[in-house]
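Colleague: One structure is given below, represented as structure tokens, and several questions about it will come after.
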Amino acid sequence: MNLSIRFLALSALIFAVGCSEPTVEESKETKAMPTAPTAQKSPEELVAHGDTRIDNYFWMRLSDEQKNADTPDAQTTDVLNYLNAENAYRNEVMAHTDAFQTALYDEIVGRIKQDDQSVPVKIDGYWYYTRYEEGKEYPVHCRKLESMDAEEEVMLNVNEMAEGYSYYAVGGRSVSPNNNLVAFGVDTVSRRQYTVYVKDLSTGELLSDEIPETSGGATWANDNKTLFYTKKDPVTLRSSMIYKHVLGTDASEDVLVFQENDETFSCGIGKTKSKDYLMIGSYSTMSTEWRYLDANDPNGEWKIIQARERGLEYSVNQFGASFYITHNLDAQNFKLSRTPVTATSKENWVDVIPHRDDVLLEGIEMFKDYLVVDERYQGLTRIRVMPWEGEEYYLEFQDPAYTAYVAYNPEFDTKVLRYGYSSLTTPGSTYDYDMVTKERTLLKQQEVMDENFSPENYASERLMATAADGTKVPVSIVYRKGTERNGQNPTLLYGYGSYGNTIDAYFSSVRLSLLDRGFVFAIAHIRGGQEMGRYWYEDGKLLKKKNTFTDFIDCGEFMIEEGFTSKDHLYAMGGSAGGLLVGAVVNMRPDLWNGAIAAVPFVDVVSTMMDESIPLTTGEFDEWGNPKDSVYYEYIKSYSPYDQVEAKDYPNMLVTTGYWDSQVQYWEPAKWVAKLRELKTDDNQLLMYCNMETGHGGASGRFQRYKETAMEYAFLFDLEGITE
């Protein structure tokens with residue numbers, strides 16, 4: 001979301017509406033404090049910038065045209081002035097932590113192996129890998145022919161490509177079937193709008209082909225000259241069109257092969273593991289639809305596997321003459337079926353893995369002799385190996401809370417499964433697993449460049465909090481050994497709880513800066529995610545969305561009841577839809593938190609969901625509801641953080657955003673902060689940081705992003721009186 005407001009200085013640090021003039025003593029104290037920005041305007045100014053009858057801060061919203069104009073208009077100037085004033089205010093309030101922030105940044109970056117390299121993956125005779133050079137911000141994408149002892153071929157050195165740009169991101173990389181060309185996307189704005197280029201790997205030269213406004217990736221037909229790509233709507237940024245491009249032709253001549261006209265759907269294109277078929281997928285919150293085409297016939301006719309039906313979600317894998325369909329037809333937790341390539345509609349689907357009420361089927365990987373299944377049971381991931389002939393079994397994991405997943409496995413005729421594993425105390429690890437001998441080989445474990453680090457220094461737990469309605473909510477907890485449950489530990493509770501996205505327990509070397517200074521870190525696996533199965537998601541969306549927020553509050557209460565912390569030392573954090581979570585819980589229970597961090601927060605829910613020109617809106621009616629329906633309007637408004645700001649005390653808060661954010665426009669957090677400043681009745685800190693050069697994901701560089709992390713940690717430490 002986007003925001004903007006003019007900076008008008010307040011004469012005193014008094015934010016409450018209608019409060020009396022400060023006393024002499026208060027005035028003396030205030031004069032020593034930085035002056036907070038204000039978004040308040042006269043009625044005449046508001047009329048000039050927006051509709052004052054509905055939203056006094058609507059004028060903060062700028063269009064893309066205004067943001068990209070060479071000469072800013074008056075409104076743009078006001079907005080930029082306000083954002084810069086907020087940044088200046090935060091800088092001044094936190095100035096005493098500057099040295100600490102620098103030390104934290106150095107500490108965080110110092111744990112990262114600078115000359116790191118990914119585990120190589122073999123594809124069509126080449127070993128592909130990504131490496132980093134010491135002191136450099138961006139990756140170098142490389143390959144070697146046949147053996148890792150061969151001469152290195154640098155495909156893309158993003159450090160060189162990014163020179164002169166404040167933001168530079170390379171999207172999906174796709175090598176042609178003959179291994180001679182690579183297609184890749186570039187975003188230099190941070191709006192997730194990529195231009196696709198093609199590089200000749202034998203000469204190192206870029207071809208003349210240049211395709212703008214794409215989702216970033218491209219998929220090759222088997223003729224080595226035809227590319228398919230997804231084009232975005234320039235206004236809503238919805239991925240809505242699939243085009244075909246022939247090398248050597250101008251992008252204006254590209255052929256539209258599919259257009260998604262339903263504004264609640266988006267689309268994309270890929271290729272089966274066998275490389276036999278090109279696949280176009282259309283998807284919404286509630287349904288999917290797939291089309292396929294012989295990859296050897298890029299000019300052929302696309303065929304539908306199963307026509308879309310509301311409530312029917314499915315994904316497709318291919319093995320020989322069959323498609324394997326993972327779907328939720330009469331199966332809330334999904335099941336796996338098989339159907340002939342020549343008869344693909346649902347009446348032909350035959351069960352391979354039936355539905356289970358207590359197990360969520362998350363995905364599959366196909367091999368010549370094995371079917372490998374990603375599934376979730378009692379909130380934890382499992383990897384199930386099913387030989388086409390023989391007895392099935394599960395891989396074993398030991399930590400109380402962890403994440404395990406099937407990694408990238410491009411080879412079909414192999415008995416080796418590559419998978420990843422991490423826990424709150426175990427650094428990210430990549431294994432090769434022999435599915436015949438059941439032996440595993442550790443290929444790489446994340447190195448923590450700190451001689452004092454040992455997983456043995458930390459302990460993790462997985463406990464169950466009880467929600468108000470009796471539901472048991474998992475909480476994953478990590479802390480440094482020796483931490484006592486004395487009710488005084490600073491504790492950071494993190495949550496997300498939307499879109500069915502699961503936040504598993506994972507290791508973070510960055511997080512060590514918290515743990516080593518006495519913080520407890522906890523993940524609340526609240527409804528709206530999919531940790532406990534599909535019903536967990538459905539119980540945290542639409543007219544049940546408030547379960548997400550009350551679950552998080554109950555998890556916070558649980559951490560206090562278990563003796564980890566108290567209200568004076570409890571902090572909430574979430575980003576994007578997790579920022580909505582933070583905004584909702586500080587409205588509902590402001591007394592429960594000493595502080596909160598809301599990163600790129602989706603907080604102006606009613607206004608955004610009413611405006612179909614804003615990216616993501618139309619595709620999310622089935623997530624939040626359409627507020628044009630009065631039932632949903634009233635329900636959304638009852639929790640929307642911006643709409644529920646009241647004249648009351650709020651905890652200390654740090655809000656972050658990015659000026660170029662395409663997911664949550666900057667004006668949402670800006671308006672929210674402005675309204676909080678207007679109404680809140682406390683003297684607690686309210687700080688906003690707007691990165692003027694980035695979007696939703698923050699800085700593009702490998703290390704620069706941690707400057708924001710250091711700021712967030714310094715904010716927490718300062719509230720706890722931790723100074724080093």
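The values are calculated or read from the model by the stated rules, or taken from the named source; none is laboratory data. What you see is a predicted model; the values in this text were computed from it and never measured. Cβ: placed from backbone, ideal geometry, glycine included. Neighbour counts: every protein chain shown.
Colleague: Of the residues that sit in the range 227-243 and are hydroxyl-bearing (S, T, Y) and touching a Lys or Arg at 6+ places or on another chain (Cβ under 6 Å), which one is nearest to G268 (Cα to Cα)?
Modeller: S239
Colleague: Just for helices (runs of 4 or more DSSP H) wholly inside the range 596-711: which have at least 3 residues that are surrounded by fewer than 18 Cβ atoms within 10 Å (Cβ to Cβ)? Quick ask: steps written out before the conclusion?
Modeller: On the way: elements: 605-610, 621-624, 630-637, 667-679.
The helices (runs of 4 or more DSSP H) meeting that bar are 630-637.
Colleague: Testing H525 on (1) in contact (Cβ under 8 Å) with a residue 60 or more places away in the chain; (2) over 14 Å from P474 (Cα atoms), one condition comes back false. Which one is that?
Modeller: (2)
Conditions (1) surrounded by 13 or more Cβ atoms within 10 Å (Cβ to Cβ); (2) within 24 Å of the chain's Cα centre (by Cα); (3) more than 30 Å from Q318 (Cα to Cα), marked per residue:
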{"position": "Q398", "(1), (2), (3)": "no, no, yes"}
{"position": "S422", "(1), (2), (3)": "yes, yes, no"}
{"position": "T430", "(1), (2), (3)": "yes, yes, no"}
{"position": "R440", "(1), (2), (3)": "yes, no, no"}
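Colleague: Does N296 meet the test of being farther than 23 Å from A404 by Cα, surrounded by fewer than 20 Cβ atoms within 10 Å (Cβ to Cβ) and either touching a Pro at 6+ places or on another chain (Cβ under 8 Å) or in the same structural domain as E538 (by TED's automatic domain parsing) (or both)?
Modeller: Taking the combined requirement at face value, the residue does not satisfy it.
Colleague: Further, regarding this structure: Scan the range 568-596 and report the pairs whose first residue is over 16 Å from V606 (Cα atoms) and whose second residue is assigned to a helix (DSSP H, G or I) and among the charged types (D, E, K, R), with Cβ atoms within less than 6 Å and a gap of 6+ or a chain change.
Modeller: L592/K567; N594/D568
Colleague: Identify the residue in the range 139-164 that is under 15 Å from F184 (Cα atoms) and part of a loop (DSSP other than H, G, I, E, B) and, among all such residues, is farthest from the chain's Cα centre (by Cα).
Modeller: Across the range 139-164, the extreme among qualifying residues is A162.
Colleague: Which residue pairs have Cβ atoms closer than 6 Å, lie 6 or more positions apart in sequence or on different chains, and pair a first residue in the range 645-659 that is outside the structural domain of G579 (by TED's automatic domain parsing) with a second residue that is part of a loop (DSSP other than H, G, I, E, B)?
Modeller: Final answer for the pair search is none.
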